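For reference, the structure is listed below as structure tokens.
The values are calculated or read from the model by the stated rules, or taken from the named source; none is laboratory data. This is a predicted model, so every value here is computed, not measured. Cβ sites come from the backbone with ideal geometry, for glycine too, and all protein chains shown count toward neighbours. Side chains are part of the model used for accessible areas, which takes the heavy atoms of the whole protein and leaves out ligands, DNA and RNA. Shrake-Rupley method; radii C 1.70, N 1.55, O 1.52, S 1.80 Å.
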Amino acid sequence: MSEIKHTKILLGLLFTGVLMGALDLSVIAPALPAIEAEFGMQNRLLAVMLNAYVLTQMISTPLLAKMADRFGPRSIYIFSIAVFALGSLVLVAAYSPYQLFMGRAIQGFGAGGIFPAAAAMIGARLPPQERGPALGLIGAVFGLAFLIGPVLGGIFLQYDWRWLFLINLPIGGLLIVGALLVMPGSDASERKPIDFGGIASLSVTLAALVIAIGNLDTADFAGSVMSWPVGGTLLLVAALLPVFWHIEQRAVDPVVRPGLFGSRQIVRTCILAAGGGALQTAGAFYPALAIAALGVTTSEASWLLLPGVAAATIGAPLAGKLINRIGTRRVVLSCMVLVTISVLLYAQTTLTTALFITANVIGGAGMSGVLGAPLRYIMLNEARPSERGATQGLLSVFMSAGRLVGAALVGAVAASSGGGVTGYQAAFSGMAILAVALVFVAMTLNSRQAEQRAGERAPGQAAAAGT
């Protein structure tokens, strides 16, 4: 088999695996009414089922990413696919709400390792000049998933909602076989002691953060912060963070090496990831704004978002290709400007249908470069070969944390400002301020020349340089 053909098959496997995980984020929404009817579940139990996925995915992402560095990305990719398929099987066989919770939790844990392992495989298998396009291709999966997810939901829900998850079993089996045949294994390396203290403290910290934000009441933000489910868990997060940092400074093989934050490039990238994640969750409130401002129905508001999703799907691989031509700083900066323009249109104009769609397309195109290949590329470029998985997991955690906080803040500001058009536009005005700040952060990223020099350094020097 030629090298080019082998690489294409490898990327196809990675693409399909990430798509399988991403689709289960988009197909669950159309399945909820059928699940609710069959099990008699109220909204609160449905929220628990959805949050079970988010919670375990956020916990597993840094852990499985670190394991990808220890045991090789192929092993963790296969493990993640197998766990995800197991969760799908539990959902298919579920006859009680608690089994649904368990199935989604298992799925989430497996999903947390798929993308970091895929990105680590790209970093290990492809030279720097080919990583951007490959990461862009993988990044386009998420936009594609939200385009075809509702379509698949409409097809399978004609028969039974379980088919939405049953289809993961043969796909997962084919992916595992393909990975065993095509993906290169890792070289044997010295096995250092596992950082159990770091794993435990980080897992509890992330779980507490998800629980705290999941229990926020945006209609009574101050009151809910003072309650135990929110205020108590936030205090736990504040107490555990220095404990986790202390453990990591002394661990032989830490989950997150503190020295990574000695790289200003990595710090800026993590800030952009968190801020971009917060801006991305603002999009979850765009349909509500459309309903209030344009008088459309719920389904019509969802259709208005499709042009933006299409723009993101097209923009993700394009942003990956532009990395080699103009460098990540220009790509991220240009896309961040587009996101800022989009948010300002939502926040400061009298919306019409045409203006709403225009803003959505601009924002979708911009977000594909803010949270897509460029930031992943920077982390691969700055990381030691032995930390490619860990840095991808770290980036995902910052994105997820930003998404959680952003959603809570937008909801709180909108509710405190009276709701409706006025409330949502006040919230988006706050998001616009964040977007402008991120534009300035993007301006401080390394130039293309400095980026190329970092990529040419001996392994391990880029992350230590901090330039």
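Some notes on this structure:
- Boolean, Ile271 is surrounded by fewer than 20 Cβ atoms within 10 Å (Cβ to Cβ) and either part of a helix (DSSP H, G or I) or at pLDDT 90 or above (or both): yes
- Evaluating Gly172 against the criteria (1) surrounded by fewer than 19 Cβ atoms within 10 Å (Cβ to Cβ); (2) in contact (Cβ under 8 Å) with a residue 40 or more places away in the chain leaves one unmet condition, (1).
- With respect to (1) over 18 Å from Ser396 (Cβ atoms); (2) modelled with pLDDT of 90 or more, the lone exception for Pro127 is condition (2).
- Scanning region 34-47 for any residue that is within 27 Å of Gly178 (Cα to Cα) and crowded, with 19+ Cβ neighbours inside 10 Å turns up nothing.
- Out of Val252, Val256, sole residue that is surrounded by 19 or more Cβ atoms within 10 Å (Cβ to Cβ), modelled with pLDDT under 90 and farther than 23 Å from Gly364 by Cβ: Val256
- Checked against (1) aliphatic (A, V, I, L, M); (2) over 16 Å from Ile171 (Cα atoms); (3) without any contact (Cβ under 8 Å) to a residue 40 or more places away in the chain; (4) open to solvent by 30 Å² or more (accessible area, probe 1.4 Å), Ala94 passes all but condition (4).
- Scope region 133-167; condition open to solvent by 40 Å² or more (accessible area, probe 1.4 Å) and outside any helix (DSSP H, G or I); matching residues: Leu157, Gln158, Tyr159, Asp160, Arg162, Ile167
- Selection status of Ala105, aliphatic (A, V, I, L, M) and in contact with a Ser or Thr (Cβ under 6 Å, 6 or more places away or on another chain): yes
- When the residues of region 326-355 are filtered to those that are open to solvent by 50 Å² or more (accessible area, probe 1.4 Å), in contact with a helix residue (DSSP H, G or I) (Cβ under 9 Å, 6 or more places away or on another chain) and without any contact (Cβ under 8 Å) to a residue 60 or more places away in the chain, the one that is nearest to Ile378 (Cα to Cα) is Ser334.
- Flag not set for Ala68, criterion: within 20 Å of the chain's Cα centre (by Cα), open to solvent by 10 Å² or more (accessible area, probe 1.4 Å) and among the small types (Gly, Ala, Ser).
- Of all residues in region 245-268, those satisfying the criterion of being within 12 Å of Gly197 (Cβ to Cβ) and either touching a strand residue (DSSP E or B) at 6+ places or on another chain (Cβ under 7 Å) or in a loop (DSSP other than H, G, I, E, B) (or both) are Ala251, Val252, Asp253, Pro254, Val255.
- Answer residue from region 198-237, given it is assigned to a loop (DSSP other than H, G, I, E, B) and without any contact (Cβ under 8 Å) to a residue 60 or more places away in the chain and is most open to solvent (accessible area, probe 1.4 Å) among those: Met226
- Condition met for Leu240 (open to solvent by 40 Å² or more (accessible area, probe 1.4 Å) and in a helix (DSSP H, G or I)): no
- Residue match in region 13-23 (condition: closer than 27 Å to Ser201 by Cβ and surrounded by 23 or more Cβ atoms within 10 Å (Cβ to Cβ)): yes
- Residues of region 368-425 that are open to solvent by less than 40 Å² (accessible area, probe 1.4 Å), farther than 25 Å from Ala310 by Cα, small (Gly, Ala, Ser) and in contact with a Ser or Thr (Cβ under 8 Å, 6 or more places away or on another chain): Ala383, Gly393, Ala408, Gly411, Ala412, Ala414, Gly423.
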